[in-house]
Amino acid sequence: MTDRLDFTIEEKEEIQALYQKMREQIASSLQEGDEERLCHLIMETAESRQVQRNVFGLNPILLSFQTALLVVEEIGLKRDSVLAVLLRPNVEEGLLTIEEVREQFGESVARILHGLQRIQNLYQKNPVVESENFRNLLLSFAEDMRVILIMIADRVNLMRQIRDITLEGPKHEVSQEAAYLYAPLAHKLGLYKLKSELEDLSLKYLEHDAYYHIKDKLSETKKSRDAYIENFIKPVSERLTEAGLKFHIKGRTKSIHSIWQKMKKQKCEFEGVYDLFAIRIIIDSPMEKEKMQCWQAFALITSMYQPNPKRLRDWLSVPKSNGYESLHITVLGPEKKWVEVQIRTERMDEIAERGVAAHWRYKGVKSESGLDEWLTNIRSMLETSDGMEAMDQFKMDLYEDEVFVFTPKGDLFKFPKGATVLDFAYHIHSKIGNACTGARINGKAVTIRQALQSGDQVEIMTGTNQKPKQDWLNIAQTSRARSKIRLALKETQVKEGLFAKEMLERKFKNRKLEMDDSIMQLLIRKLGFKEVSDFYRQVANGEVDPAIIIEKYISLQQDDQPVTGNNVAESAANFVLDDSKASPIAHGSDDVLVIDRNLKGIDYQLARCCQPIYGDAVFGFVTVNGGIKIHRQDCPNAAELKKRFGYRIVKAKWSGKGASQYTITLRIIGNDDIGIVNNLTNIISRDEKLVLRSINIDSHDGLFSGNLTIMIDDNTRLEALLKKLRTVRGVKQVERI
């Protein structure tokens, strides 16, 4: 339960200081009466005691002042954005309407607040925030670019303020959103400083030990690093000056988050990351001499230091598609250390720093066509005097070729424009698509042909007697839906073929005939059918008369056609099941696993990396071939899957216990006492519901460690087993792998 809002003395003093500092910077953009109306509304809100502290116990009004100053100083926004940020608590608590804002402060402020409200509504629908879909939806739903910029600033401020707060759950959630959503948005928009701060703070809260390990290492090496940079730059500067070039050189240390990513990617310690910093040489050159002088600097540096040809990046001859121009080379500097050097002109550097070359392509942040050019111009617009006026005309119409729709539970999906209800149904699951009869869109019943619109909430309706039809291929717009329809039609043909075959067999028996497959195959070929399925489909549809088939069959049989193929029967006693090839993980079991939207009976596999069993908290992951892998929520791979493929995560839970058993592996460490292994195995063997599949023990220096592979029913029995094993004398640790 959040606390009612009471201002502390410190909060009042901070608000006063923030207001004065902010007023100095935006005074020229304020209109007559703005300050009086704003102060009145804020005082009214504070005195109403309706505004509550947030989950962290922070004051929303103070947070709004902190965010307002941040959008002014770091992003360059002015009057309209500041007023929208400061009035947001009033609007969110229902103390002020958008219409009242429009009347008192104008259309622009009201539009920003309306956009912030729509984003808030999206959060209430609870889509998967780490998915690319959600990022794009935020962009497409915002009526004004400043909405997105304010959201980024708001999250930066919140991340700063929760530094000393110990609520780990909410703190982790906020940090994950910062890493998955807000940092990439800031990166795309060229807000590099805020992007780095979001990434570093997220790492600090999510990977505390890693963050401080790198921070301490950077502090320890700062003096030597600065000395090394100076030692590297000095001779380079002398050579460039001798060559008559006008330039300046900058050295920058990479962010903690960037270093951490390199450590993980290269699987090395801090000392193994050789490019902790980069040297940037910026040449003051006329446009007609840019390339020549950049290559001249390149030649001088590589004549001084040994270059690594594998690390040459020539974006000077062929600039990146986003306009980025620069030469990158890694050279072997003093003390045999590798150093990254970037060579560019003032013009190139200005373009890069203003966001046209936001570096997002080679930093791993994916983009989509149509988004690039628009996003790369935002930073430049912000830094121009009339940027805000230009932004007022910017509407988020980039995704006119895509639509974003919700399920009744708030899950979010993206489709191409023109996609229909049928596409949506097959996107959920083949069984839902095959049985689809229509849908309710925003509560209104529609047919399977209905085109989807952005923001629609779609509930699929199904019928037990419904089955795919040939004309559905014309209704579906996505290749995924069409391929599933073709597969379903083929399966229907197979079922109809089985029905037709059974009907023929009955008619054969009525004539006291035994149907010989080899003769029937020959007959089908003689009738001109290339596919057996086509033959039986025509039989089922009545296009081929069974009586004629029987007569032709008798004729072939009387001609004594030879039987082909190997028809030698083998005894069942000769069949041996190779148990060693059987999967040790149960899947498709008789336990009931409900996946996603209360769908049962969907084929799935239990992931080998974490070996989930009945009762575990689990989630589903849609694999590239369309199957579903079930992982434990605490799976070692869970965080990475959710971060990189959030749009492929589906909910899953156990809802019914059958007789299935699951394979688990236990890691046991203890003293190598006489009989301890027997004691462990006796506990397992005494329980008739447990099966010991394998045991692997390694003893060294009086200690043993080993893995036990066990078949078990569910996690309740597992917990009971763990308790028993931990009571064995000499056992130090028992854990599930």
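The values are calculated or read from the model by the stated rules, or taken from the named source; none is laboratory data. On a predicted model such as this, the values are computed, not experimentally measured, just so you know. Glycine also receives a Cβ, built like all others from the backbone with ideal geometry; neighbour counts cover every protein chain displayed. Areas reflect the complete protein model, heavy atoms only, side chains present, ligands, DNA and RNA absent. Shrake-Rupley method; radii C 1.70, N 1.55, O 1.52, S 1.80 Å.
Data overview
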{"read-out": "Lone qualifier among 250, 234, 215 - being without any contact (Cβ under 8 Å) to a residue 40 or more places away in the chain and out of contact with any strand residue (DSSP E or B) (no Cβ under 6 Å at 6 or more places or on another chain)", "value": "234"}
{"read-out": "Condition met for residue 652 (buried (at least 18 other Cβ atoms within 10 Å of the Cβ) and free of Cβ contacts under 8 Å to residues at least 40 places away in the same chain)", "value": "no"}
{"read-out": "Qualifying residue in the stretch 531-538 (condition: without any contact (Cβ under 8 Å) to a residue 60 or more places away in the chain, under 30 Å from residue 411 (Cα atoms) and open to solvent by less than 90 Å² (accessible area, probe 1.4 Å))", "value": "no"}
{"read-out": "Extreme residue, most open to solvent (accessible area, probe 1.4 Å), among residues of the stretch 414-471 that are touching a residue at least 40 places away in the same chain (Cβ under 8 Å), hydroxyl-bearing (Ser, Thr, Tyr) and not in a strand (DSSP E or B)", "value": "454"}
{"read-out": "Subset of the stretch 606-619 that is farther than 17 Å from residue 658 by Cβ and over 21 Å from the mean Cα position of the chain (by Cα) - its residue that is most open to solvent (accessible area, probe 1.4 Å)", "value": "608"}
{"read-out": "Residue 82 open to solvent by less than 10 Å² (accessible area, probe 1.4 Å), without any contact (Cβ under 8 Å) to a residue 40 or more places away in the chain, in contact with a helix residue (DSSP H, G or I) (Cβ under 8 Å, 6 or more places away or on another chain) and assigned to a helix (DSSP H, G or I)", "value": "no"}
{"read-out": "Count of the stretch 99-118 residues which are surrounded by 22 or more Cβ atoms within 10 Å (Cβ to Cβ) and in contact (Cβ under 8 Å) with a residue 40 or more places away in the chain", "value": "1"}
{"read-out": "Boolean, residue 245 is on the phi < 0 side of the Ramachandran plot, of a type outside the set (Val, Ile, Thr), without any contact (Cβ under 8 Å) to a residue 60 or more places away in the chain and not in a helix (DSSP H, G or I)", "value": "yes"}
{"read-out": "Those residues of the stretch 265-285 which are open to solvent by 40 Å² or more (accessible area, probe 1.4 Å) and modelled with pLDDT of 90 or more, in sequence order", "value": "284"}
{"read-out": "Matching helices (runs of 4 or more DSSP H) fully within the stretch 498-575 where at least 1 residues are at pLDDT 80 or above and charged (D, E, K, R)", "value": "517-526, 546-558"}
{"read-out": "Any chance residue 263 is free of Cβ contacts under 8 Å to residues at least 60 places away in the same chain and not charged (D, E, K, R)", "value": "yes"}
{"read-out": "Residues within the stretch 42-56 that are open to solvent by less than 10 Å² (accessible area, probe 1.4 Å) and either modelled with pLDDT of 85 or more or more than 25 Å from residue 170 (Cα to Cα) (or both), tallied", "value": "1"}
{"read-out": "Residue within the stretch 57-70 that is modelled with pLDDT of 85 or more and either assigned to a loop (DSSP other than H, G, I, E, B) or open to solvent by 40 Å² or more (accessible area, probe 1.4 Å) (or both) present", "value": "yes"}
{"read-out": "Some residue of the stretch 709-730 being part of a strand (DSSP E or B), open to solvent by 70 Å² or more (accessible area, probe 1.4 Å) and either closer than 30 Å to residue 628 by Cα or without any contact (Cβ under 8 Å) to a residue 12 or more places away in the chain (or both)", "value": "no"}
{"read-out": "Residue identified as more than 21 Å from the chain's Cα centre (by Cα), buried (at least 16 other Cβ atoms within 10 Å of the Cβ) and modelled with pLDDT under 90 among 193, 217, 262, 250", "value": "217"}
{"read-out": "Qualifying position, being at pLDDT below 85 and either under 21 Å from residue 147 (Cα atoms) or more than 31 Å from the chain's Cα centre (by Cα) (or both), among 74, 100, 14", "value": "74"}
{"read-out": "The stretch 696-708, residues that are surrounded by fewer than 18 Cβ atoms within 10 Å (Cβ to Cβ) and part of a strand (DSSP E or B)", "value": "696, 697, 698, 699, 700, 703, 705, 706, 707"}
